[in-house]
Amino acid sequence: MSGQRINMRINGRDYTLIPGKDFEVTETLSELLRERLGFTGVRLSCKQGACGACTVLLNGRSVLSCMMLAVEADGCEITTIEGLPADDPVILAFANETDPGYGTAMQCGFCTPGFVLETKSLLSENPHPTREEIRDGLSGHVCRCGVYQGIEHAVEKVAQAISEEGK
C-alpha cells in the first residue's frame, strides 16, 4: 500500500494522500482526520467503537471513524462537524435546547459532534422517528454529562421542524 495514492473528499474539499508518506497505513480514519488533517471536531475517546465520539458521515451515513482504517475511505466523501454550516438545523436544535423538563442537549460539548452527525444520518434515513427510534439510533453514543433527555428532545424538535419545513 505504501506509495499508492488514496483520494477522498472531506467537507467538500478533495484530498490526495499517500500512505507511508502523508500518514501511516495502520492509522484509523479518526487519527488521520484529527491528528494529520486538523479536523478537531472528530473526537478520540475510547478508540474501540463504544462511545460514538469519533462519528463522521461517510457517503452520507454515520460511521465510527476509529473502527476503520484511513485507507478504507479511499474514494469516499466524508463530512465532519466542521463541514456543516453554523445554521444547520440539527446544530441549532442542539444549541438551542433548553426546554423546561428536558434540560440542555449540550453541556461540556465533547460528545456533541458525534451526536449531531448521528442525528443527521438518522433523520436522512428516518425523517419522522419515534422517541424509541431516536433512542435506538443514538444508543451507540455516550454522553458523560448525562444530558440524554435534552438530546432526545432536540432530535424530536428538529425532526418536527424539518417535517413542517418540507410541507
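What follows is calculated from the coordinates using simple rules that are stated; it is not laboratory data. Treat the numbers as computed from the prediction; the structure is a model and nothing was measured. Note that we place each Cβ from the backbone using ideal geometry, even for glycine, and neighbour counts take in every protein chain shown.
Worth a mention:
- Listing R36, R43, R5 from fewest to most neighbouring C-beta atoms within 10 Å gives R5, R36, R43.
- When you filter the trypsin sites (Lys or Arg not before Pro) in the stretch 86-155 for DSSP loop state and at most 14 other Cβ atoms inside 10 Å of their Cβ, you are left with R144.
- Counting neighbouring beta carbons within 10 Å and listing from fewest to most, the residues V56, V158 come out as V158, V56.
- Net charge in the neighbourhood of K21 (other residues with Cβ under 14 Å of its Cβ; Lys, Arg +1, Asp, Glu -1) is -1.
- Share, in percent, of DSSP beta bridges within the stretch 10-90 that are antiparallel, nearest 5: 80
- Sites matching chymotrypsin sites (Phe, Trp or Tyr not before Pro) across the stretch 75-167 that sit in DSSP coil, with at most 13 neighbouring C-beta atoms within 10 Å: none
- The mean sequence separation of alpha-carbon pairs under 8 Å and at least six residues apart, normalised by the residue count of the chain, gives a relative contact order of 22 percent.
- Contact order relative to length of the stretch 6-83, as percent, for alpha carbon pairs under 8 angstrom and 6 or more apart: 39
- Net charge of Cβ neighbours under 9 Å - reference F110; Lys, Arg +1; Asp, Glu -1: +2
- Summed residue charge, Cβ within 12 Å of V158's Cβ, Lys/Arg positive, Asp/Glu negative: -4
- Fraction of antiparallel bridges per DSSP, the chain only, in percent to nearest 5: 75
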